[in-house]
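What follows draws every value from the coordinates through simple rules; no lab data is involved. Just so it is clear, the model here is predicted, and its values are computed rather than measured. Neighbour counts are summed over all protein chains in view; Cβ atoms, including those assigned to glycine, are modelled from backbone coordinates with ideal geometry.
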Amino acid sequence: MSSLFKAVADGFTRALEVLMVLCLAVMLVMVFGNVILRLFFNTGIDLSEEIPRFAFVWMTFLGAIVGMRRRAHLGVDMLVQALPVLGRRVCWGISQAIMLVCCLYIVYGTWLQHDIIAGNASPVAQLSMLWVFGVSYVTGTAIAIICLSNLIRLFAGKVADNELIDVHEEGMSEALAVEHEMAEQQVHAGARS
């Protein structure tokens, strides 16, 4: 069951990445095309004011899901790194629970405003704004599922110690390896003395 869930999650993440690339392509084509039309033909595309903005909203929200799945969000881990493994597990569990509650509020807040959002249309495309802001349903639900899955794994004892630090800075693993090696050398030098 775990491998099936992982395969589904990986497929979903891949689909989100494809959608993000499509959003980026739409933004690029619409904005660049509009610039060329205005520069050389003294005309433009009316939709190029709204559609790239909507694609940017979708790309940002979908990117939050991918970032959560890949554990790529920014964070501060000075305190957590100083804690023993049990303290790290407690802090990680608390952070997952807080994010779960926040995601549930995102979905609930969107649901409360659903009729208002659905009743509004964009000025140019006359597209229901639910197609724009409804992405928060997807984002809130997906991140809530990730957090709930992480909490279940934590209580089942299936979370590895290296997962408890969510911040992975570029080059940090090499620096930590060098620091660990230096500490071992100091221990060995102290033992010889």
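Roughly speaking, what % of Cα-Cα pairs in the range 2-192 are separated by over 31 Å, rounded to a whole number? Intermediate results must be reported in sequence, preceding the final value.
Values: 7052 of 18145 pairs.
Cα-Cα pairs of the range 2-192 separated by over 31 Å account for 39 percent.
Could you rank the peptides 56-66, 124-134 by their average count of other C-beta atoms within 10 Å per residue, with the highest value first? Please report the intermediate quantities before stating the final value.
Values: 56-66: 18.5, 124-134: 15.6.
My ranking of the peptides, most packed first, is 56-66, 124-134.
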